[in-house]
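Undergrad: Pasting in a structure now, in structure tokens, and then I'll have a few things to ask.
The values are calculated or read from the model by the stated rules, or taken from the named source; none is laboratory data. None of the values given here were measured: they were computed from a predicted structure. Backbone-built Cβ (ideal geometry, glycine too); neighbour counts: all protein chains shown. Quick note on the areas: whole protein, heavy atoms, side chains included, nothing else; ligands and nucleic acids left out. Shrake-Rupley method; radii C 1.70, N 1.55, O 1.52, S 1.80 Å.
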Amino acid sequence: RTLHLFSRIIALCDAFDAMTSGRVYQKERISPEEAMRRLLHKGREWYDPVVLKAFVHVLGVFPVGTVVRLSDGSVAIVIRNNADDLFLPEVLIIRDAEGEPCHRLLKLQGGGSQTDAADLCIDEILDPDDEHITIGDYIGQVPNNEEQETAGSPQ
């Protein structure tokens, strides 16, 4: 007998949560990026492929709350995914390239140049513990729409 759709969704979500937050039976947590990689590699054998595809589309390549280093060296937290391009989410920059605290909302546009803000992209995923970042301290502090910036717009 086939599991109900909701059961298949819950199974996948629970697996992702267990990998990224740790459990009694799995003390070590892994990054959301690594969890997504594992699900995409082996998950097709264990989980409904349609549910897995929808899960990736909803969470994005960089799930909300992922701490990242941008191509200019600044540190940011992913706060919203971009349905048009999962590799270019909206981020909240919390440290500028010099490591100074800042609070700037930015919609990534792509490219990767270190000199042109229009070309900022994600260079690497960072461990929030290694960076001494508590995600919950920032998620509720997203600037309002007037403060929002698109990479490449005048600052």
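Undergrad: Quote the Stokes-Einstein diffusion coefficient, in whole µm² s⁻¹, for region 1-64, based on the Kirkwood radius over alpha carbon pairs, a temperature of 37 °C and a viscosity of 0.692 mPa s.
TA: My calculation gives 272 µm²/s for D.
Undergrad: Please report the carbon-and-sulfur percent of the accessible area for region 1-113; probe 1.4 Å, protein heavy atoms only, DNA, RNA and ligands left out.
TA: Answer for region 1-113: carbon and sulfur cover 56 percent of the accessible area.
Undergrad: If each residue of separation counts as 0.36 nm, what is the full-extension length gain between Arg44 and Ala18 once their alpha-carbon separation is subtracted?
TA: Value of the extension gain: 7.6 nm.
Undergrad: With label points built 7 Å along Cα→Cβ from the Cα atoms of Ile139 and Lys27, find their separation and express it in nm.
TA: My value for the distance between the label points is 2.6 nm.
Undergrad: Are there GluC sites (Glu not before Pro) in region 16-62 that DSSP puts in a loop and that have at most 10 other Cβ atoms within 10 Å, and which ones?
TA: Here the sparse-neighbourhood loop sites are Glu28.
Undergrad: Still on this structure, I have one more. Are there any chymotrypsin sites (Phe, Trp or Tyr not before Pro) in region 34-96 that are in a DSSP loop and have at most 13 other Cβ atoms within 10 Å? List them by number.
TA: Passing sites in region 34-96 are Phe87.
Undergrad: Provide the per residue accessible area, probe 1.4 Å, for region 1-88, rounded to a whole number of square angstrom. Display every interim value, and only then the final one.
TA: Numbers: 5360 Å² over 88 residues.
On a per-residue basis, 61 Å².
Undergrad: With a point put 7 Å past each Cα toward its Cβ, work out how far Val56 is from Ile9 in nm, to one decimal.
TA: 2.0
Undergrad: Rounded to two decimal places and with Rh computed the Kirkwood way over Cα pairs, what is Rg over Rh for region 1-142?
TA: Details: Rg = 16.3 Å, Rh = 16.2 Å.
My calculation puts Rg/Rh at 1.01.
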